[in-house]
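Worksheet for the structure shown next.
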Amino acid sequence: MRVFFQSWKAEYKNILRDKGAALMMIAAFLAYPFLVPTPYLPEVLKDVPVAVVDLDSSQMSRQLIRMLDASELLMTVSYSRNFTEEKTNFYRGENHGIIVIPREFQRKIMRGEKAAISVYSDASYFLIYKQIITGCLQASGTLSATIGINHLLAKGYELDKAVHTVNPLRLTINDLFNPAGGYAEYIVPAVFIILLQQTLLIGIGILAGTRHDEYNAIHSSAENLETPSRIMGKSVAYLSIYMVHAIYLVSLLHLFYRFPQRGSLSDLFIFMFIFLFAVTFMGIALSRFFKRRETSIMILLFTSIIALFLSGIAWPVESLPHWLRIISLIIPTTTGIDGFLRINQMGATLSDVWFDGAMLCLLSIAYFLLAYVPIALKSSRQTSVDELHTKKSD
């Protein structure tokens with residue numbers, strides 16, 4: 001216990017003494033959460049600029065244009081009868097899509113024939129593509145329903161019956177866990193968990209590089225040899241700092257950004273405790289490979305993108321190859337993000353996320369062994385060599 005508390009206290013001093021580690025493990029996490037969500041605060045992409053090419057110039061085509069412009073998703077920036085001109089403007093970036101209303105648009109509708117409009121959209125950015133297509137579908141669907149109802153009213157139908165005939169099956173959509181359908185509520189909570197892992201791993205790597213610079217080799221002397229007590233002392237030092245970050249994340253940042261919180265805070269903090277333990281032992285295990293302070297930053301900085309893609313947020317885990325899904329489980333954020341979002345935003349309990357918690361416990365044990373066993377074996381071999389040299393000297 002004496003070694004445990006000494007190591008705990010010494011690691012606090014190391015963090016505060018090392019400006020790079022303190023900046024990454026304390027200052028960075030206090031600042032990042034206010035910078036990362038800023039681009040996503042509008043929540044929903046609105047007013048995507050589009051151009052309308054009206055080749056019909058009829059009353060009905062103008063009505064459709066007014067409906068397109070009234071949509072909160074679209075903003076008509078230009079009207080024209082020249083498709084080639086608008087195509088040039090599209091490639092210049094003046095609009096992200098072109099909506100073409102063909103000739104005889106109104107005439108076909110009045111005859112009871114089907115009339116189609118053409119939508120050319122920038123599909124290289126799926127979010128823009130989705131908003132343009134959705135806005136066009138809403139406007140054309142509303143116009144179609146209006147035309148159908150007017151035809152039935154002309155035949156003597158009552159308004160309620162005409163509406164029911166045109167739309168016999170009314171669809172009611174309830175967005176669960178993200179009522180606004182906002183992008184920030186979807187992606188930012190997961191990014192917060194990525195930031196916890198990234199800053200903790202890099203901070204541990206910086207400290208390892210500092211120790212290597214000071215002693216020429218990590219654990220090169222018996223005084224600095226890693227033992228289970230020393231590893232646990234270091235891990236508790238890191239964990240105590242990052243549990244404060246977790247409380248800051250859940251209690252302050254979620255309230256500040258008004259993100260939904262439906263789960264029990266006690267369940268959430270227990271789960272975060274397990275998650276941070278797994279990340280801490282992973283960082284200690286990896287720190288043996290960081291011989292320089294800068295190495296951890298160069299290697300671990302880009303891994304946050306990999307962790308985000310493998311977590312199932314950017315792409316559903318069901319669509320990932322099975323072998324890649326298995327590999328992703330060695331990264332704590334894979335199960336950490338899943339469990340955190342289920343508890344925090346969906347109102348799940350610890351029993352509901354038992355698999356995520358069990359995987360994090362297994363990762364904690366595995367990374368603890370990876371942090372200690374190789375060093376213990378190296379120490380044992382070094383001791384045997386020293387004894388052999390002593391015998392030869394005698």
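A short reminder: the numbers here are calculations on the coordinates, not readings from a lab. Everything numeric in this text was worked out from a predicted model, so none of it was measured. With ideal geometry, Cβ positions are generated from the backbone for all residues, glycine too; neighbour counts draw on all protein chains shown.
Things worth noting here:
- Magnitude of the charge dipole, the chain, Cβ model with Lys/Arg +1 and Asp/Glu -1, debye to 20: 380 debye
- When W8, W323, W354 are sorted by how many other C-beta atoms sit within 10 angstrom of their C-beta, beginning with the fewest, the order is W323, W354, W8.
- Span-like helix check, the chain: qualifying full DSSP H segments, with Cα axial length of 30 Å or more and mean Kyte-Doolittle of 1.6 or more, are 265-286.
- Remark: the range 1-150 carries a charge dipole of roughly 460 debye about the Cα centre, counting +1 on each Lys and Arg Cβ and -1 on each Asp and Glu Cβ.
- Over 30 Å between alpha carbons, listed pairs K13/K291; K46/K155; K46/K161; K46/K87; K46/K108: K46/K155; K46/K161; K46/K108
- Projecting the Cα atoms of V36, M1, Q131 onto the dipole axis of the chain, where Lys and Arg carry +1 and Asp and Glu carry -1 at the beta carbon, places M1 farthest toward the positive end.
- Over the chain, the Kirkwood radius and the radius of gyration, each from Cα atoms, give a ratio Rg/Rh of 1.18.
- For the range 76-132: Kirkwood Rh in Å [reciprocal of mean 1/r, alpha carbons]: 12.7 Å
- For a paramagnetic label modelled on S351 (point 7 Å from Cα along Cα→Cβ), amide N atoms under 16 Å away belong, within the range 319-343, to 343.
- Computed from label points 7 Å out along Cα-Cβ, the spacing between A10 and L324 is 4.3 nm.
- Debye log10 I(q)/I(0) at q = 0.13, 0.19, 0.22 Å⁻¹ for the range 48-166, Cα point scatterers: -0.53, -0.98, -1.21
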